1. Tell me whether the range 172-187 contains one or more residues that are in a loop (DSSP other than H, G, I, E, B) and of a type outside the set (Asp, Glu).
2. Suppose the filter is within 24 Å of Thr120 (Cβ to Cβ) and either of a type in the set (D, E, K, R) or in contact (Cβ under 8 Å) with a residue 24 or more places away in the chain (or both); does Glu151 pass it?
3. Within the range 154-171, which residues are crowded, with 17+ Cβ neighbours inside 10 Å, over 15 Å from the mean Cα position of the chain (by Cα) and part of a strand (DSSP E or B)?
4. Which pairs turn up if I take residues in the range 325-338 that are within 19 Å of Lys175 (Cβ to Cβ) and look for partners that are among the hydroxyl-bearing types (Ser, Thr, Tyr) with beta carbon separation below 6 Å, at least 6 apart in sequence or on another chain?
5. Hey, any hits in the range 106-117 for a residue that's at pLDDT below 85 and of a type outside the set (D, E, K, R)?
6. Evaluate the range 235-243: report whether one residue or more is within 19 Å of the chain's Cα centre (by Cα), surrounded by 17 or more Cβ atoms within 10 Å (Cβ to Cβ) and at pLDDT below 90.
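The values are calculated or read from the model by the stated rules, or taken from the named source; none is laboratory data. Because the structure is a prediction, the values reported are computed rather than measured. Because the Cβ atoms are built from the backbone with ideal geometry, glycine has one as well, and the counts that use them run over all protein chains shown.
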Amino acid sequence: MTMFEKLEQIEKNYEELTEQISSPEIMADMKAYAKTMKQHRSLGEIVEKYREVKKMRSDLEGARDLAEIADDDEMREMATLEAADLEARLEKAEEALKVLLLPKDPNDEKNVILEIRAGTGGDEATLFAAEVLRMYVRYAERQGWRMEIMEASDTGVGGIKEAVAMIEGDNVYSKMRFESGVHRVQRVPQTETQGRIHTSAITVAVLPEAEEVDVQINQNDLRIDTFCSSGPGGQSVNTTYSAVRITHLPTGVVVSMQDEKSQIKNREKAMRVLRARLQEIEEQKQHDALSAERKSMVGSGDRSEKIRTYNFKENRVTDHRIGLTVHQLDLVMEGQLDEFIDALRTHYQTEKLQAEAVGV
């Protein structure tokens, strides 16, 4: 099947789904309606680009015909120039279409567990960790996602040592996945009296949420401890054994949750985080089998292992993986991350396309 035959089939499926969405039977079944809408959205971007390409092809054919049959020199020249412009645009559009047709990561549409930890830099690192968490809260709001802070350890100076959040919505992992790594900050701390710039670092991990069917956990492998919450929440929280700590004995992974007054809810949240971490460990093992030299997802938190640098004095943000620099750090910290996220997605999709082309 050629690419365009495949696209014709995708467009046909899209039109069928469009009809199904408005059918009374589907609308009466919320589960079926949600599933159909998700399928419809997943095909929408491809179909829109395909229709754009089809129109360009038709316009190009018309411009070429006009250039051949035009009696007027000026008209012929205009048609020739238009054909050349359409050829260039069509080539770019078809490349974009090939990228959209690449096999998707099975995790792309999953919700994510976001983990942020202060690395080197003392209090300054914890303050920056709190600001980056706020940055992702703002970005999630812009995307129409739901973000819930599940656990955060405050430092008392306005910073956080670590935080765990759940982000739910459409295509969360596909957009957030490249945020994993070491984020470095360069600025003059408020406590610095001589105006010297300090460098600190934090780590960010983005884990696709694992469903129960993805990760099978033997209950005999778990040690579950309950204790009184030490965080905010009022007297009723602190005097009941509502906090939960789950230890996965085979791996040593420990998850604590205490933000809910209900022990049952804390346990449910802790299990969601545990499943995501265990899936990440399993995927890491599989990936390392293919690439033994691959570094871990976020590194050690050392300043030298950065993926992105935030320089406050110059109002500059640089992503070192793709060499992209933006002099709008203030807007980035308000959640305007689209330029980086879109560029990273395009970069890695293009790399994947090139690898497929040479049979890697």
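1. Yes, the conditions are met somewhere in the range 172-187.
2. Here the answer is yes, as Glu151 does meet what is asked.
3. The answer is Ile160, Ala163, Val164.
4. What qualifies is Gly335/Tyr139; Leu337/Tyr139.
5. yes
6. Within the range 235-243, not a single residue is within 19 Å of the chain's Cα centre (by Cα), surrounded by 17 or more Cβ atoms within 10 Å (Cβ to Cβ) and at pLDDT below 90.
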